[in-house]
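Worksheet: one structure, shown below.
The values are calculated or read from the model by the stated rules, or taken from the named source; none is laboratory data. Treat the numbers as computed from the prediction; the structure is a model and nothing was measured. Glycine also receives a Cβ, built like all others from the backbone with ideal geometry; neighbour counts cover every protein chain displayed. The protein model used for the area step is the full one, side chains on, heavy atoms only, and it has no ligands, DNA or RNA in it. Shrake-Rupley method; radii C 1.70, N 1.55, O 1.52, S 1.80 Å.
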Amino acid sequence: MPVTFNEQKKIFKLDTPNTSYICGIFDKEGFLGHIYYGDRIEEEDVAYLARTGEPPYTPEVNNRDRLAFYDSFPFEYPAHGLGDYRDDCIAVRTSGGNSALKLTYVSHKIIKGKKPLKGLPATFGSEDECTTLEITLTDDILELDVYLSYSVFEDVDAVLRSARIVNKSREDVSLTRVMSACLDMDNENYDLITLHGSWARERHINRRPLNRGTQSVSSIRGESGHQEHPFMAIMEHNADQTGGRVWGINFVYSGNFLAGCYVNQFDTVRAYIGINPEDFCWRLRPGDEFTAPEAVLVYSGEGLGGMSRSFHDLYRNHLIRSPYKDRKRPILINNWEATYFDFDTDKLLAIADEAAKVGIEMLVMDDGWFGYRNSDNSSLGDWYVNENKLKGGLKYLVDEVNKRGLKFGIWFEPEMISPDSELYRAHPDWAIRITGREPGQAREQYVLDLSRPEVVDYTFDQISTVLHSANIEYVKWDMNRPLADIGSAYLPAEQMGELYHRYTLAVYELQERLVTEFPDLLLENCSGGGARFDPGMLYYSPQIWCSDDTDAIERLSIQEGTSLVYPLSAMGAHVSDCPNHALGRVTPFRTRGYVALAGTFGYELDVTRIPQEDRDMIPSQIEMYHRYNDLVRMGDYYRIASYSQNHEYDCYMVVAKDKSEALVTFIQVLNRANCHSRRIRLQGLDPKRRYRLEYVDDAADRSKGEGTDRTYLGETLMKAGILVQNPWGDYQGKLISVKAE
Ligand code: DGJ
């Protein structure tokens, strides 16, 4: 039984294959305390770790120091205002203006399976796959119940948490802070990893020592954002890819978030994640309930690599729902970097003609096909075809593309409205804005007020009409600006603090309606590149555009940071033209292909205009995609070397679950003169099996000793390693296929 309750000791124990999570009920009052989360242990009676035997003891033993107790007890769901001065999980605003609450245990139940979270994306599993513990806490005075939910899966090391708050009283109460999970533990000289970036520079890894006080990452942009990411990992100072204890925390949410760690006077750390309390205030009328989004906790005793693989398995098996999740995605060519807004039917068909010849499988028409949009300054909201550009209309274009043997995909930016659009002229009040204040533009656009039900309906009808009008098999859903000027002409003043969250819920509703009405659609989320690459979006789309920076070298850092948490199957990655449009860097076409193979793989260039030698390489790149994509999509990911750390080269590999084969990618960023070959140690292989190595498309290397002429024990490859000759030139890569005998 993966979840147990020891009636006598009042201890809950949740087990996953390799981890245990233990919490319990303390004191006569019934405080719910955290006890342990780490490597799996069999004994549940480790309540001594909560230190209630040390001063200030518990209130029943020493009530005169109740505040000291509140400020040091490891709470599972700490409440605001009574003396726990650490960052807390929940705070309210009562009609009397008070903010405090005290939560104590009422009851619990253990159920097979996992209930969906109303209106929110969340992991899922059948009754055979997972078990859920639901603990009810209450504040007697406010008559507010808090239901804490914990689910564990049979096949993956993760604990899924969420909270539901129900107003049982006869008065309104507002929630001003609702975190989804919290983890109180000793700080044993830990480090903290968070992900940071900007447009074209998303999710770079930042590691530093965990310091006293609060360190946090957040978004108040109405999306998870380019800049910071709803993820953090706390780890032992010497933890690395292959060893050490690591706790990863991620948030299944795509709007404003706050993820923080507070290290207090006793050197304990409180880690928490939830909706950003800034500009958040949610009114609960009598009987109303509020569901906080899901938080994902992953513990690994096998370093960052173990943590990443658990996140990948969890998301591939229990979060992504698309029918494409276990399928090879069609190799697409997107016209954005090929044409930007300057395209018409003829140009697109010329691209389709060439694309079909080299083996590409789908044409995606990006921004600029609707209203009168010839640049980014108009028409968002007017989702009808611009027949001046697309002569004969959309259906004609799609049919012609299909005749050439290609599928067809289309771009939308459904959440936006251009000031220069018919929609805005008809409904200026449909934009998010503060009454009496001119809203700020970003990319010359405003954001639709999705808290208005009629805006959600209008937007869905527009998309659905277009999708029904032709054989469209893919949608790229973009979002190119953050929210600001937070105000709604629809919401009453006392509910204005709900706008951000209502907006995110409406995005989820729209995408849910979309995948329900078009169940075979391949949906790719995107936000000015990768500003909304988060687990919330993965629930609706099996892949997300990683970044507008398609430069192979910058992508090494972006894809490393992304794959720390998310499976390679989810990372939108394309081969683009050079000089690269974001950086002006020139890299070999071959290397661009190797780097894109670590993601969904596709092209973002004008195939009619790139150099002939590059075009000639496409069929062999496509052959490699077909040969290795099952492995890349479904295998276990191991990071061997990080260019963002060593500034010289990058190396990672993917190993089949049955360890029968692997693919190693080695990218040398800058060559070095007169240096030895590099030694790399492989990971994840079966130590007892013999493997044959093959340099996949580099004939020159086959003669240098690591080719097909001999086999190696997995143990040798992992412990002693192999030597990789320095490729000639900068930005060069190698792919090494590893096959068991
Ligand atoms: C941002 C996306 O990331 C790009 O790929 C492209 O779709 C543009 N928006 C179009 O406006």
Test residue 459 against the stated conditions and say whether it is in contact with a Gly (Cβ under 6 Å, 6 or more places away or on another chain), surrounded by 15 or more Cβ atoms within 10 Å (Cβ to Cβ) and not assigned by TED's automatic domain parsing to the domain that holds residue 282. no
On the basis of being closer than 26 Å to residue 550 by Cβ, touching a Gly at 6+ places or on another chain (Cβ under 6 Å) and buried (at least 24 other Cβ atoms within 10 Å of the Cβ), does residue 254 make the cut? yes
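Taking the stated definitions as given, is residue 317 crowded, with 16+ Cβ neighbours inside 10 Å, under 30 Å from residue 376 (Cβ atoms) and at pLDDT 95 or above?
Answer is no for this residue.
Quick one: how many residues across the range 16-31 are of a type outside the set (A, V, I, L, M, F, W, C) and surrounded by 21 or more Cβ atoms within 10 Å (Cβ to Cβ)?
Residues flagged as of a type outside the set (A, V, I, L, M, F, W, C) and surrounded by 21 or more Cβ atoms within 10 Å (Cβ to Cβ) within the range 16-31 amount to 5.
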Return the residues of the range 271-289 that are out of contact with any helix residue (DSSP H, G or I) (no Cβ under 9 Å at 6 or more places or on another chain), surrounded by fewer than 19 Cβ atoms within 10 Å (Cβ to Cβ) and outside any loop (DSSP other than H, G, I, E, B); say none if nothing qualifies. 289
Close pairs (6 angstrom Cβ cut-off, 6 or more residues apart or separate chains): open to solvent by 30 Å² or more (accessible area, probe 1.4 Å) in the range 485-497, assigned to a helix (DSSP H, G or I) and of a type in the set (A, V, I, L, M, F, W, C) anywhere: 486/499
If residue 627 passes every condition in (1) touching a Lys or Arg at 6+ places or on another chain (Cβ under 9 Å); (2) open to solvent by 20 Å² or more (accessible area, probe 1.4 Å); (3) not aliphatic (A, V, I, L, M) but one, which one does it miss? (1)
Looking at the range 333-450, what helices (runs of 4 or more DSSP H) fall wholly within it and have at least 2 residues that are away from the ligand (no atom under 15 Å from the Cβ), without any contact (Cβ under 8 Å) to a residue 60 or more places away in the chain and within 30 Å of residue 487 (Cα to Cα)? 422-426
Please state which of the following conditions residue 211 fails to meet, knowing it meets all the rest: (1) surrounded by fewer than 24 Cβ atoms within 10 Å (Cβ to Cβ); (2) closer than 26 Å to residue 289 by Cα. (2)
Taking into account only those residues within the range 214-238 that are β-branched (Val, Ile, Thr) and open to solvent by 50 Å² or more (accessible area, probe 1.4 Å), which is farthest from the chain's Cα centre (by Cα)? 214
Name the single residue that is farthest from the ligand (Cβ to nearest atom) among those in the range 502-546 being crowded, with 24+ Cβ neighbours inside 10 Å, of a type in the set (Phe, Trp, Tyr) and within 25 Å of residue 297 (Cβ to Cβ). 539
Please find, among 555, 585, the residue that is open to solvent by 10 Å² or more (accessible area, probe 1.4 Å), of a type in the set (D, E, K, R) and at negative phi. 585
Quick check on the range 406-421. Is at least one of its residues closer than 17 Å to residue 489 by Cα, of a type outside the set (Asp, Glu) and open to solvent by 60 Å² or more (accessible area, probe 1.4 Å)? no
Among the residues of the range 316-330, is there at least one that is among the hydroxyl-bearing types (Ser, Thr, Tyr), in a loop (DSSP other than H, G, I, E, B), under 30 Å from residue 295 (Cα atoms) and touching a residue at least 12 places away in the same chain (Cβ under 8 Å)? yes
Among the listed residues 603, 594, identify the single one that is away from the ligand (no atom under 14 Å from the Cβ), outside any loop (DSSP other than H, G, I, E, B) and open to solvent by less than 10 Å² (accessible area, probe 1.4 Å). 594
Which strands (runs of 3 or more DSSP E) sit wholly inside the range 115-204 and have at least 2 residues that are crowded, with 18+ Cβ neighbours inside 10 Å, within 21 Å of the chain's Cα centre (by Cα) and in contact (Cβ under 8 Å) with a residue 24 or more places away in the chain? 144-153, 159-167, 173-186, 190-196
Condition check: more than 16 Å from the ligand (Cβ to nearest atom) and either open to solvent by 10 Å² or more (accessible area, probe 1.4 Å) or in contact (Cβ under 8 Å) with a residue 12 or more places away in the chain (or both). Does residue 575 satisfy that? no
